[in-house]
Amino acid sequence: MKISRRNFVKLSAATAAAAAFGAQSLSALTDKVNLDLQSGEEQELEDKFSGYDVKYTYDSYCPSECGLEVWTKDGKVEKIYGNYADPYNHGKMCGKGPLGAGLAYSLGRIKYPMMRVGARGEGKFKRVSWDEALDHIATKIVDIKKKHGGESIIVDTGDMTDTPPYYRMGRGMGAPHITEHGSICDTPRRFGPRVFIDGKRWEPDLMRPTLVRQSDGSLKEMGYDDLPLPKYIMYVGWNPFTATRIHYESRGTVTAQIKGCKVIVVDPAMCTTAAQATANGGMWVPILPGTDNHFLAAILRHILEKGYEDKAFIDEYCTGVEEFTSAFKSYWDKTDSSNGMKYFTMEWAADKTTLSKDKIVEIAEIIGTTKPGAICWGMNGVGHRYAGYIASMLGTAINVVMGNFEAPGGTIDCNQVRISKGGNAGGGFFNGREVTRTVNGKPVTGKQKELHMDEMSDWPAGWYDVVGDHPRRILEGIEIKYGPFKGYKYPIKARFEIGGNTVITGSATWKWQEMYAARDPETGEYKLELAVSIDSLLLENALYADVILPAAHYFERYGIADIYPSAPVAVMREPVIKPLGESKTQVEIMNAITKALYEHGDTDIDPNEFWLKYTHDDIFWNEVMEPTPGVKNVGEPLPYPNLPEGYKLLGTPDSLEAGRVTIDDEKKVIHGEPITMDWLRKNQGVAVWPMAWRRYKQAVKTGSGKIEFVWSKLEEENEKIKGGPRPYGFELLEKYTGDVWDEYPTTFFWYEPPYNPANPTYAATTEKYPFQVITARVHQGMTATYANPQQGETPCDSTWWPLNREFEAEVAEWVTVGNDGSEMPKGEIKVVNKRFRRGTYCVATCSMNPDDAKAYGVVTGDVVTIENMLGKTQKNVVLVTHTIRPGVLKLPFGAGGRFSPGVGTTYQQRDYTANVNEFVDPNLLTPIFGFPGYLDIQARIVAVEKPTFATI
Amino acid sequence: MNELLEMTEARMHVYNMLRNIFANEPTMKVLKSLSNGVLKDLSENEDVKEGVEKMAEASREIKNTRDLDELHAEFARLFLMGKMAVPPYESLYKGGKTLMGDAAVAVRKEYLEEGLQVEKLYQEPDDHIATEFEFMFFLCKKTVAALKKSGEKKAGAFLAKQRDFMETHLGNWAPQFCDKILDSTNSDFYRGAALLTKGFIEEDSRFLKEAGEK
């Protein structure tokens, strides 16, 4: 053997080195092979490695949560298909579904617990063990609870339907306020459904196939040819083709159009849905942003004046209509001083909306004379506006008075038909726990929930919690204003955030940053003493966390989806691969945190309610489904004619069908065989119960059991605030609109939108800031780019356009040459490194009308600096296009100005794309729900940059 | 014979050290040893020498837990967090752009042939540089045992396996990995570790090649 030793390692030094580093045994590798393989057994090895394993789960790349069929090989996701058994997406997927593996195996994955080393926001972390992370969290929480009680903790669970373990964890540790993304997404949109029927989301009856009871007693899956579809759909600020989570709505709308449905899209921008409508006999209605209220009010007035309403339906199924219409009509003779016209007339609406009177009359006639049909109002146009309640109220009222609610081909409240889930598993009962606090020197005993930071304090009707106000509440502290603890004060000291990114999405980004950076003047410590982020990717929120815990990706965890179908459906999530690194499932994290608290002396934690009870995730999820489906056996056709009408249904579809049930006549409940994770595993991951229309006959959840035009939900809140201070939201209403409320409105009400050209109070602002900034969601742009840059190759609407500067990124491409240079005749998709030349990759785009562009000397590709009414500035690259009306700048939210390196190419474009949330006025919170007025933004252009060779 | 045994034993120790450097953040104890010059005479290779020196110097700068935290944060930035500056996975240097790429499955098969698998199978990508170093450490250990027990013949097979693994895997990406570290950090500790690794891999590739040409 000839070996040159000159440069080689010396044994003595190497031995010493090894000694210094300790362990001599294997650590990453083990000889305990659990593949049943022995060295050399090649055939067995081959067999094991060539077979696919197929599992059913659901997506969470966006909140649509489509049913998926996932093929794995070698423990790795290889193929992803839509699950046909799930009627929600019926085997179909958008571009994100098949790219889920890119997210699971993203280099951006958080794989280990991390702890902050630098200042908050600096993004400097070190890896720690789970034990160290849990010890830090538990020590802090126990200390905080000792000083301030469990109410000083917030748990924000983000935007997934698989978070009941975090609800249980938070409530179990004594935190009454467990929040979720719903709080910062479209609560004004839900207002109408919530107060009229205790519902939430009204969507056109478009989900097909759907399971329907036939006249011969059989059950049949019925498609688009079998059932009525809407004859008109009016989408107000709603763009189901590219922006929404209601998956079936796009394919349903196309099919309805083919069958003659007229689609009307009311939107300042010609979004994809509007373009599609105009090409198919429908229309685009480019309204002035924020005047949907005026538009819908004129339509309702027209309907009532013409007597188009369905009087028989109203008489039988509604209450309070007279009070509502009389409040509505009380405006009819009033003159609006801003334009000298009578309220809610067509002329008045034309003036406010800038639409032609004829156009509004034409639409009002369609709605008043066509059945069935549906008005559906959206997230951005209505749901994210300060005055959005009013459009929601009017849209709901019009759908009801026209008799379209729950009519076949009409409009369905997806929340009313949605399955019940959670039950005891969510830990709601912990909120009934008795607690004692010293108020004004005296001990007072009450329930945990009576310490709620919103409902018992500044936001008595904050039914969805008020996440947008968290920064202020954390900075200023909480004072209880109603209930037994009235006068009690406490600070918020700890905040958990799971899978959310409120720094970017929860009102103004700068306000959240201010809150995280704020320090106690006495101690010098951060005011919010503990910020914990539980996530699988490093988003902006995590940069401000003290501890980051690695959450399992959606392919690695469990859950039950129940997302907005038009019939009861439950879809199972279960791991298709093992959690990467040291990530844990939701139940594991709940157990780990509560156990750590217990071991640190937290007496609120009972081991039997956590880790001793939920020894496997399945146990938890089976409990979640104890109240499932929880809908009543009502409607036409009756879902189960073999079972008593009007009774609540529990259990598997097959046991109910076969009558394998016990019936509790006293409680009016039918118990079938409990639905479990195992049952779902045997049934392609999905349970579907029959669809029924006209459920309002017995299933409206309001106090009166009828569709209420006088709202008992808000009457209850008025009882609560009686004798107490005026709710904080009323003060803000007065500040921003001049309207004075002494109590919550319980029937028709009106106020003008702030920061809006239609509101003369804002005339001076409008003059100085002539543009309105509106936003839009592009799913592929908002939530996807940090993991799968290839989605940037597909333009969308006018908000996601190839206006990039040159950069490099990894993208999936079809290749026919392997890594080793070998030819692959069939080709395959590979991720490759690619340099994108200028103008070839989509980025967050500001669309601008050509007339405005001309006035400012802007051409496509220029970067404008936009300043809002509060003096905050952001830059964005511009697309000059006729698809946006003049005076409006449209930007996608969440897709620009992203400053966490964890968000991939989006991060690379941060210098010329805007974070729209920087423009939000953090104090502009809606009077009832405290929802941020995300879209009430006035702005001006303060600079225009022309690209140069240096910048492109 | 004794020379081969001695060299393999030395290599084994180096691989053991390398797997530790890239798997875990250094402890104060390790830094103390390094600052005391424990690696001083490891090799005459210029890169190794420079690397050893840099690591020793950098170790001497770590005086308290705050300094140690900063070093650990740098480890996280380079190899762990979000978009890692220097992903320590072979797949990423072979045309793949995600975790658990083709190379992860390829090395899994190599490990299985030796009766090994990743401790956290399907959870930790098999192609982490520290795991590949550990595999070489294991093979060296086997070689040493074989040399001590049954002479050179069986040891030859283990050496051949090492050579294959070096040629097919470690040797054709570890140098790039080290270059990427040098491009990505100002931390002398990790710059030193990169140089040490690069120099050692160069030497060991040569050693294994020569050992095969006997």
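Residue count for segment B:1-16 under the criterion of being touching a residue at least 12 places away in the same chain (Cβ under 8 Å) and of a type outside the set (Lys, Arg): the result is 10. Here A:Arg473 fulfils each of the conditions (1) of a type in the set (Lys, Arg); (2) in a helix (DSSP H, G or I); (3) farther than 30 Å from A:Gly237 by Cβ apart from (3).
Quick check: is even one residue across segment B:1-10 more than 7 Å from chain A (Cβ to nearest Cβ), part of a loop (DSSP other than H, G, I, E, B), in contact with a helix residue (DSSP H, G or I) (Cβ under 9 Å, 6 or more places away or on another chain) and hydrophobic (A, V, I, L, M, F, W, C)?
Within segment B:1-10 (the criterion being more than 7 Å from chain A (Cβ to nearest Cβ), part of a loop (DSSP other than H, G, I, E, B), in contact with a helix residue (DSSP H, G or I) (Cβ under 9 Å, 6 or more places away or on another chain) and hydrophobic (A, V, I, L, M, F, W, C)), the answer is yes, since at least one residue qualifies.
Select from segment A:864-877 the residues that are in contact with a helix residue (DSSP H, G or I) (Cβ under 7 Å, 6 or more places away or on another chain) and among the β-branched types (Val, Ile, Thr) and list them in ascending order. The answer is A:Val877, and nothing else.
Tally the residues that are closer than 21 Å to A:Phe929 by Cβ and not in a helix (DSSP H, G or I), restricting the search to segment A:708-732. Steps first, answer last, please.
Restricting attention to segment A:708-732, the residues satisfying the condition of being closer than 21 Å to A:Phe929 by Cβ are A:708-722, A:724-732.
Checking the rest, the ones that are also not in a helix (DSSP H, G or I) come to A:708-711, A:722, A:724-727.
Qualifying residue count for the region: 9.
Considering the conditions (1) assigned to a loop (DSSP other than H, G, I, E, B); (2) at negative phi; (3) not hydroxyl-bearing (Ser, Thr, Tyr), A:Gly930 is excluded by exactly one of them, (2). Restricting attention to segment A:73-92, the residues that are touching a Ser or Thr at 6+ places or on another chain (Cβ under 9 Å) and hydrophobic (A, V, I, L, M, F, W, C) add up to 0.
Against the list (1) within 13 Å of chain A (Cβ to nearest Cβ); (2) in contact with a Lys or Arg (Cβ under 8 Å, 6 or more places away or on another chain), the condition B:Asp188 fails is (1). Residues in segment A:388-411 that are closer than 28 Å to A:Glu752 by Cα and among the aliphatic types (A, V, I, L, M): A:Ile390, A:Ala391, A:Met393, A:Leu394, A:Ala397, A:Ile398, A:Val400, A:Val401, A:Met402. Among the numbered conditions (1) touching a helix residue (DSSP H, G or I) at 6+ places or on another chain (Cβ under 9 Å); (2) at pLDDT 95 or above; (3) surrounded by fewer than 24 Cβ atoms within 10 Å (Cβ to Cβ), tell me where A:Leu925 comes up short. Against the list (1) touching a helix residue (DSSP H, G or I) at 6+ places or on another chain (Cβ under 9 Å); (2) at pLDDT 95 or above; (3) surrounded by fewer than 24 Cβ atoms within 10 Å (Cβ to Cβ), A:Leu925 comes up short only on (3). The set of residues from segment A:80-98 being crowded, with 18+ Cβ neighbours inside 10 Å and not in a loop (DSSP other than H, G, I, E, B) comprises A:Ile80, A:Gly82, A:Gly97, A:Pro98.
Contact map, segment A:823-838: first residue of a type in the set (A, V, I, L, M), second residue modelled with pLDDT of 75 or more, Cβ cut-off under 6 Å, separation 6 or more or different chains; pairs are A:Val831/B:Lys97. State yes or no: is A:Pro725 touching a residue at least 60 places away in the same chain (Cβ under 8 Å) and either crowded, with 21+ Cβ neighbours inside 10 Å or on the phi > 0 side of the Ramachandran plot (or both)? Judged against the criteria, A:Pro725 is not a match.
Entry remark, segment A:553-587: residues being within 14 Å of another protein chain (Cβ to nearest Cβ) and under 27 Å from A:Thr652 (Cβ atoms) number 6 in total.
For segment A:99-120, the candidate set comprises residues that are in contact with a Lys or Arg (Cβ under 9 Å, 6 or more places away or on another chain) and over 25 Å from A:Pro575 (Cα atoms); within that set, the residue that is surrounded by the fewest Cβ atoms within 10 Å (Cβ to Cβ) is A:Gly118. Here the helices (runs of 4 or more DSSP H) wholly within segment B:12-113 that include at least 1 residues being within 28 Å of A:His553 (Cα to Cα), modelled with pLDDT under 95 and within 7 Å of chain A (Cβ to nearest Cβ) are B:102-113. Taking (1) surrounded by 19 or more Cβ atoms within 10 Å (Cβ to Cβ); (2) modelled with pLDDT under 90 in turn, A:Tyr52 satisfies each apart from (1).
Check A:Ile563, A:Ile605 and return the single one that is assigned to a loop (DSSP other than H, G, I, E, B), under 21 Å from A:Pro63 (Cα atoms) and among the β-branched types (Val, Ile, Thr).
Working: A:Ile605 fails: under 21 Å from A:Pro63 (Cα atoms).
Among A:Ile563, A:Ile605, only A:Ile563 is assigned to a loop (DSSP other than H, G, I, E, B), under 21 Å from A:Pro63 (Cα atoms) and among the β-branched types (Val, Ile, Thr).
Look at (1) modelled with pLDDT of 95 or more; (2) surrounded by fewer than 24 Cβ atoms within 10 Å (Cβ to Cβ) and you find that A:Ser337 fails only one, number (1). Give segment A:121-139 a look and list any residue that's within 30 Å of the chain's Cα centre (by Cα) and buried (at least 19 other Cβ atoms within 10 Å of the Cβ), or say none. Hits for segment A:121-139 are A:Gly123, A:Lys124, A:Phe125, A:Ala133, A:Leu134, A:Ile137, A:Ala138. Of the numbered criteria (1) under 16 Å from the mean Cα position of the chain (by Cα); (2) among the hydroxyl-bearing types (Ser, Thr, Tyr); (3) assigned to a loop (DSSP other than H, G, I, E, B), the one B:Thr131 fails is (3).
The numbered conditions (1) modelled with pLDDT of 95 or more; (2) surrounded by fewer than 20 Cβ atoms within 10 Å (Cβ to Cβ); (3) closer than 23 Å to B:Tyr111 by Cα are all true for B:Leu182 except (3).
Could you check, for segment A:569-586, whether at least one of its residues is among the small types (Gly, Ala, Ser), outside any loop (DSSP other than H, G, I, E, B) and out of contact with any Gly (no Cβ under 8 Å at 6 or more places or on another chain)? Outline the logic, then answer.
Looking only at segment A:569-586, we keep the residues that are among the small types (Gly, Ala, Ser), and these are A:570, A:581, A:583.
When the remaining residues are screened for being outside any loop (DSSP other than H, G, I, E, B), the result is A:570.
Going one step further and asking which of them are out of contact with any Gly (no Cβ under 8 Å at 6 or more places or on another chain), we end up with A:570.
Yes, segment A:569-586 has at least one match.
One residue stands out in segment A:264-286 among those that are among the β-branched types (Val, Ile, Thr) and in a strand (DSSP E or B): the one that is nearest to A:Ala374 (Cα to Cα), namely A:Ile264.
Of everything in segment B:122-165 that is within 11 Å of chain A (Cβ to nearest Cβ) and of a type in the set (S, T, N, Q), the residue that is surrounded by the most Cβ atoms within 10 Å (Cβ to Cβ) is B:Thr131.
Only residues that are farther than 16 Å from A:Phe929 by Cα and in contact with a Gly (Cβ under 6 Å, 6 or more places away or on another chain) were counted in segment A:188-205, giving 1.
Check whether at least one residue in segment A:670-682 is touching a strand residue (DSSP E or B) at 6+ places or on another chain (Cβ under 8 Å), free of Cβ contacts under 8 Å to residues at least 40 places away in the same chain, assigned to a loop (DSSP other than H, G, I, E, B) and surrounded by 17 or more Cβ atoms within 10 Å (Cβ to Cβ), and report yes or no. Steps first, please.
Kept after step one, since they are touching a strand residue (DSSP E or B) at 6+ places or on another chain (Cβ under 8 Å), are these residues of segment A:670-682: A:670-672, A:674-675, A:677, A:679-681.
Checking which are free of Cβ contacts under 8 Å to residues at least 40 places away in the same chain leaves us with A:670-672, A:679.
Subset that is assigned to a loop (DSSP other than H, G, I, E, B): A:672.
Going one step further and asking which of them are surrounded by 17 or more Cβ atoms within 10 Å (Cβ to Cβ), we end up with A:672.
Yes: segment A:670-682 contains one or more residues that are touching a strand residue (DSSP E or B) at 6+ places or on another chain (Cβ under 8 Å), free of Cβ contacts under 8 Å to residues at least 40 places away in the same chain, assigned to a loop (DSSP other than H, G, I, E, B) and surrounded by 17 or more Cβ atoms within 10 Å (Cβ to Cβ).
Got at least one residue in segment A:205-215 being within 30 Å of A:Ile534 (Cβ to Cβ), touching a helix residue (DSSP H, G or I) at 6+ places or on another chain (Cβ under 7 Å) and touching a residue at least 12 places away in the same chain (Cβ under 8 Å)? If you could, list the steps in order and put the result at the bottom.
Let us first name the residues in segment A:205-215 that are within 30 Å of A:Ile534 (Cβ to Cβ), namely none.
Checked segment A:205-215: no residue is within 30 Å of A:Ile534 (Cβ to Cβ), touching a helix residue (DSSP H, G or I) at 6+ places or on another chain (Cβ under 7 Å) and touching a residue at least 12 places away in the same chain (Cβ under 8 Å).
The values are calculated or read from the model by the stated rules, or taken from the named source; none is laboratory data. All values derive from a computational prediction rather than experimental measurement. No Cβ is skipped: glycine too gets one built from the backbone with ideal geometry, and neighbour counts run over all protein chains shown.
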